[in-house]
1. Could you tell me which of the pairs LYS113/LYS155; LYS62/LYS192; LYS43/LYS145 are separated by over 29 angstrom between their Cα atoms in the structure shown?
2. Taking the Cβ of ASP133 as the centre, find all other residues whose Cβ is under 13 Å away and add up their charges (Lys, Arg: +1; Asp, Glu: -1).
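What follows draws every value from the coordinates through simple rules; no lab data is involved. Computed from a predicted model, the values in this text were never measured in an experiment. Reconstructed Cβ throughout: ideal geometry from the backbone, glycine too, with neighbour counts over all protein chains shown.
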Amino acid sequence: MIKDLLNCEHVGRMTGDDRRRQILDTAISLFSTHGFSGTTTRKIAEAAGVSEAMVFRHFSTKDELYGAILNEKACQEGSLRFPWDSNEPLQEAIRNKDDFGVFYHIALHALNKHQADVGFMRLMFFSALEEHDLAERFFNEFVSKVYDFIGKYIKQRQDDGAMRDVEPRIVVRAFLGMVIHHSLNNILWDKKRVLLNVTNEEAAKNFAEIVLHGVMAAKVR
């Protein structure tokens, strides 16, 4: 009987990994609401239902906790892991040189990720405004790879004669500008979709068409 009770207590007890994840999730929520400067480890501990000492047991400083959020997303949840290697519709579009399919699937993936992880998106905005290292790490570890990936495809299509001779990264910035601005409106300013209420699929389709109308080479008559 005593053995059974001990087993039950063990089952209900959080493991170290579970506790660490709980602290991380709580920190993301608070950082995305109050920013890095406005969030203390005491507030994180209270919201997570643990002692402040428990927070420091897993993360020696608030900066370490902030940085661990990026690693958590990249290594465990996959939110920052480069997303398109396993996106078969996108890879097929690349193999077939289906320009619309390439831009459509990139836009749709990004819009879906932004919508699914609003807390992390807000956290990145705060990080950039506060000029915290997390924003620079995010840029170096993820955004730069996005530019390289899309820019390489555009350069290949320019070499094929299918796209006009324009700086590929200008095209990337214009394309991502549409996608990110759309998500920003939905997340920060137009949560009720008063200005524009469209599905992610419809938005991705139109963004792909707009960018392609701007960069496709004129057809030879």
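1. Beyond 29 Å: LYS62/LYS192; LYS43/LYS145.
2. Details: positive: LYS62, ARG137; negative: ASP63, GLU64, GLU130, GLU131, GLU136, GLU141.
So the surrounding residues net to -4.
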